[in-house]
1. Using θ = phi - 60° and the Karplus relation 6.51 cos²θ - 1.76 cosθ + 1.60, list the HN-Hα couplings for segment 145-154 in order, rounded to whole Hz, with x at every Gly or Pro.
2. Please work out the average accessible area per residue across segment 69-210, using the 1.4 Å probe convention, and give it in Å².
3. I'd like the orientation of helix 103-119 relative to the chain: the angle between its Cα long axis and the longest Cα principal axis, in ° from 0 to 90, rounded to 10.
4. Could you give each residue of segment 19-35 its phi-based ³J(HN,Hα) in whole Hz, using Karplus coefficients 6.51, -1.76, 1.60 with θ = phi - 60°, and x for Gly or Pro?
5. Using just the helices of the chain, give the 222 nm mean residue ellipticity in deg cm²/dmol: DSSP H runs with n ≥ 4 each add -39,500 (n - 2.57), and the total is spread over all residues, rounded to 500.
6. Short version: ³J(HN,Hα) in whole Hz for each residue of segment 84-94, in order, from phi by Karplus 6.51 cos²θ - 1.76 cosθ + 1.60 (θ = phi - 60°), x for Gly and Pro, what are they?
7. Quick one: which of 172-182, 151-161 comes out on top by average Cβ neighbours within 10 Å, and what's the full order, highest first?
8. Arrange the peptides 39-52, 12-25, 190-203 so that the one whose residues have, on average, the most other Cβ atoms within 10 Å appears first.
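The values are calculated or read from the model by the stated rules, or taken from the named source; none is laboratory data. Being a predicted model, the structure only gives us computed values, none of them experimental. When we count neighbours, we look across all protein chains shown, and the Cβ atoms used for this are built from the backbone with ideal geometry, even at glycine. The accessibility values were calculated without ligands, DNA or RNA, using every heavy atom of the protein model including side chains. Shrake-Rupley method; radii C 1.70, N 1.55, O 1.52, S 1.80 Å.
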Amino acid sequence: MELKVYNINGSETGRTITLDDSIFAIEPNQHAIYLDVKQYLADHRQGTAKAKERSENAHSTRKLKRQKGTGGARSGDLKSPVFVGGGTIFGPKPRDYRFKLNIKVKRLARRSALSTVVADNRLTIVENITLDAPKTKKMVEILNNLKIADKKSLIVVENQNNFVSLSARNLQGVKVVSVSQLNTYDIMNATNLVLCEGSINEINRVLATK
């Protein structure tokens, strides 16, 4: 599969780049995508929610009324879950939501996500973006040139570039990641995926079938 390469001015460079069909043109495995996205979101959960149970409430244990002869049910202390301020039944407890996912499944999920983006014509290949200083105005200009300024965009660079990252940091809906930070959630969450030309070889190395 060949795609055109654009420059940061939005013009065609006259060159094309060949994408590995085993990464960018496979039949997407939706379940693998689901599992990888689920793990990504689970890893970001704090798991600190906590509700007090009956034994943890600080209330008196005296009986609220006489236990028999009232015509109603017996009432225990104020810690009972049936009273306002009482303990919570089966309330949340601090827990770790993380779970293990095999590396082969994660690679399959990323390949499936990239193939989905290509199939939906949401992939743009650009020359490497190089900035001399962090300039948000320059990044806005680049996005306008590529006609994706009003869309949620994920820009993938070969290596972490602080100037590029800082230039896009204040732009809503724009995220810059290196190949090592690329994940299935970000790929599927973006309306447009922008791959810098230098990142292609690194993606091929990381996601090659093993």
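1. Ordered by residue, 3J(HN,Hα) equals 5, 8, 6, 10, 5, 9, 10, 6, 10, 10 Hz.
2. Value returned for segment 69-210: 56 Å² of accessible area per residue.
3. Between the helix axis and the principal axis of the chain, the angle is about 60 degrees.
4. So the J values, rounded to whole Hz, are 9, 5, 5, 6, 10, 10, 9, 9, 6, x, 9, 5, 5, 5, 4, 4, 5.
5. Result for the chain: -9000 deg cm²/dmol, rounded to the nearest 500.
6. Karplus values, whole Hz, x for Gly and Pro: 4, x, x, x, 9, 7, 6, x, x, 10, x.
7. Put in order of decreasing packing, that is 151-161, 172-182.
8. Answer by packing, highest mean first, reads 190-203, 12-25, 39-52.
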